Amino acid sequence: MKKVFLSFVFTLVSIVAFAQGTWQVDQMHSSVNFNIKHMGISFVQGRFDKFDGKAATGGANLDNADLSFSISVPSINTGVDMRDRHLISEEFFDVAKYPTIEFKSSSVTKDKNNNYIVKGKLTIKGVEKEITAPVTLGGITKNKDGKEVMGIQTKFTVNRLDYGIKYDPSGAGIAKDVEITAYFELVKQ
């Protein structure tokens with residue numbers, strides 16, 4: 001009986017310790033992407049090639065985790081150099097003044113479907129707005145080097161006009177809403 005109890009305690013401590021700690025984004029296995037409607041008939045897709053982020057967890061899940069991410073705006077990549085140069089200009093992101101996009105969570109809670117709802121501040125072009133985004137925990141495992149890794153993903157929409165990106169304010173040529181999709185693999189530090 002004593003061995004069974006000790007095995008149970010050891011297993012419980014291992015599970016809690018498995019996810020607890022600080023996690024850093026692995027850029028090689030992560031991506032930050034966007035999708036925006038163009039001319040009302042098609043879509044332009046792109047990504048940011050440079051970003052960073054971390055998560056601080058207190059248990060074997062994301063309950064009450066502390067998440068923060070930053071994106072290097074000059075790393076925007078739509079596959080068209082001329083468009084990318086226009087996007088980093090004053091008419092869009094104005095990277096000379098605002099080179100990063102920042103996100104900092106204020107709360108992380110689990111919904112009725114065992115997914116997470118993350119609330120926090122998103123800052124684009126110096127404008128900070130509260131957003132709510134669904135986050136799915138893909139799981140926690142060990143990589144080939146024996147390090148613990150965690151996968152999370154999110155998909156949400158922001159109105160670019162809310163953040164001072166006023167080019168084509170009617171939204172006729174370039175839609176107002178931008179769909180953001182991010183996939184992060186984080187390595188425990």
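The values are calculated or read from the model by the stated rules, or taken from the named source; none is laboratory data. Since the structure is predicted, the reported quantities are computational estimates derived from the model, not experimental observations. Heads up, the Cβs are rebuilt from the backbone with ideal geometry, glycines too, and the neighbour counts pull from every protein chain shown. All accessible areas refer to the heavy atoms of the entire protein, side chains included, with ligands and DNA or RNA removed. Shrake-Rupley method; radii C 1.70, N 1.55, O 1.52, S 1.80 Å.
Surface composition of the chain: carbon plus sulfur atoms hold 56% of the accessible area, using a 1.4 angstrom probe and ignoring ligands, DNA and RNA. Using a simple spin-label model with pseudo-atoms 7 Å out from Cα toward Cβ, Asn77 and Thr157 lie 2.7 nm apart.
Report summary: the helix-based calculation at 222 nm, which adds -39500 (n - 2.57) for every DSSP H run with n ≥ 4 and divides by the residues of the chain, gives -4000 deg cm²/dmol. Magnitude of the charge dipole for the chain, about its Cα centre and with charges confined to Cβ atoms of Lys, Arg (+1) and Asp, Glu (-1), is about 600 debye. What do you get for Rg/Rh of the stretch 21-188 when both radii come from the Cα atoms and Rh is the Kirkwood radius? Dividing the radius of gyration by the Kirkwood radius yields 0.99.
Val32 sits among other residues whose Cβ lies under 14 Å from its own Cβ, and their net charge, with Lys and Arg +1 and Asp and Glu -1, is -3.
For the chain, the relative contact order is 24 percent, taking Cα pairs closer than 8 Å that sit 6 or more residues apart in sequence and dividing their mean separation by the residue count.
Heavy-atom accessible surface of the stretch 21-188, averaged per residue, reaches 54 Å², computed with a 1.4 Å probe.
In this structure, Met39 and Val127 have a Cβ-Cβ separation that, at R0 = 22 Å, corresponds to a calculated FRET efficiency of about 0.25. So, in nm, how far is label Ala96 from label Thr136 when the simple model puts each one 7 Å beyond its Cα toward the Cβ? So the two model labels end up 4.2 nm from each other. Projecting the Cα atoms of Ser70, Phe93, Gln153 onto the dipole axis of the chain, where Lys and Arg carry +1 and Asp and Glu carry -1 at the beta carbon, places Gln153 farthest toward the positive end. Give Lys37/Lys188; Lys110/Lys166; Lys119/Lys176 a once-over and call out the pairs whose C-alpha atoms are over 28 Å from each other. Correct reply: Lys37/Lys188; Lys110/Lys166.
Taking a straight Cα-Cα cut-off under 19 Å and skipping sequence neighbours fewer than 8 places away in the same chain, the aspartates and glutamates within cross-link reach of Lys50 are Asp26, Asp81, Asp84, Asp94, Glu102, Glu179, Glu185.
Backbone phi angles across the stretch 113-122, fed through the Karplus curve with coefficients 6.51, -1.76 and 1.60 (θ = phi - 60°), yield HN-Hα couplings of 9, 6, 9, 10, 10, 10, 10, x, 9, 10 Hz in residue order; Gly and Pro are listed as x.
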